[in-house]
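Peer 1: Sharing a structure, written as structure tokens. Questions coming.
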Amino acid sequence: MFVTSTTYDVNNPNDAIASFVGLAGADARCQEHAASASRAGTWKAIISTSQIDAKNRFSATQMGKVFNVQNELLAHDYDDLWDGEILTPVLYDENNLAKTGGGAWTGSTSLGEKSAGNMCGDWVSYGGPVVIGHVGTTASWLVYSGSFQCTGGRGLYCMSCN
């Protein structure tokens, strides 16, 4: 797992290059970052929509231990990943470089479930309320306390599906 080295807006009408649109757009950004760092496989963004929880985008039966790109253990298994707290913070980007603070788009509760009405209109609206994760923490990695809007650059958490 990593957080993207680049921050993105959600569907910014003034800067399409530095934004993403929808779940597919977020996944494409994760795949781009993984490929640029020669990370094989399929990578998805850890974000929820009104139709699917972030945790349900990943297979419980296929998930073993979860590591960051520095090979540090984040979670023992699927249930451990989505229990509200991870073992080690997601601190590194796809290039193994440490990220300090900041947020990551999630639209999720601390359990990896959708946070109703807090996901930028399913990631197509440049404006409105959103839930973000706090990069570099264990307890608030999916939910950063405070009130945030769907403007301003944030990273994406990306996880391998392989």
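Laboratory data are not the source of any read-out in this text; all were calculated from the coordinates shown. All of these numbers come straight from a predicted model, not from anything done at the bench. Cβ: placed from backbone, ideal geometry, glycine included. Neighbour counts: every protein chain shown.
Peer 1: In Å, what Kirkwood hydrodynamic radius results for segment 1-41 from the alpha-carbon pair distances?
Peer 2: Working: mean 1/r = 0.0931 Å⁻¹.
It works out to 10.7 Å.
Peer 1: Let me ask you something else. For segment 21-85, what does the convex hull of the Cα positions come to per residue, in cubic angstrom? Show your work: numbers first, answer last.
Peer 2: Numbers: hull volume 6.5 nm³, N = 65.
Spread over its residues, the Cα hull of segment 21-85 gives 100 Å³ apiece.
Peer 1: Further question on the same structure: Where the eigenvalues come from the Cα gyration tensor of the chain, what are the semi-axes √(5λ) of the equivalent ellipsoid, largest first, in whole Å? If you can, show how the numbers build up before the last one.
Peer 2: Details: eigenvalues 94, 60, 43 Å².
Rounded to whole Å, the semi-axes are 22, 17, 15.
Peer 1: Lysine pairs in the chain with alpha-carbon atoms under 22 Å apart, 8 or more places apart or on different chains: how many are there? Kindly include the intermediate steps, with their values, before the conclusion.
Peer 2: Working: Lys44/Lys55; Lys44/Lys65; Lys44/Lys99; Lys44/Lys114; Lys55/Lys65; Lys55/Lys114.
For the chain, qualifying lysine pairs total 6.
Peer 1: A further question on this structure: Report the Cys residues of the chain lacking a disulfide-compatible partner, meaning no second Cys Cβ under 4.7 Å from their Cβ.
Peer 2: Lacking a cysteine Cβ partner under 4.7 Å: Cys161.
Peer 1: While we're looking at this one, here's another question. Read phi for every residue in segment 47-59 and hand back ³J(HN,Hα) as whole Hz from Karplus 6.51 cos²θ - 1.76 cosθ + 1.60, θ = phi - 60°, with x for Gly and Pro.
Peer 2: Those phi angles translate into 9, 9, 10, 5, 9, 8, 6, 3, 5, 7, 7, 10, 7 Hz.
Peer 1: May I ask you to work out the translational diffusion coefficient for segment 118-162 at 37 °C, viscosity 0.692 mPa s, via Stokes-Einstein with Rh from the Kirkwood sum over Cα pairs, reported in whole µm²/s? Intermediate results must be reported in sequence, preceding the final value.
Peer 2: Numbers: Rh = 11.5 Å.
Stokes-Einstein gives a translational diffusion coefficient of 285 µm²/s.
Peer 1: May I pose another question? What ranking do Phe20, Phe148, Phe2 get, fewest neighbouring Cβ atoms within 10 angstrom at the top? It would help to have the intermediate numbers written out before the result.
Peer 2: On the way: Phe20 25, Phe148 17, Phe2 28.
By the 10 Å Cβ count, ascending, the order reads Phe148, Phe20, Phe2.
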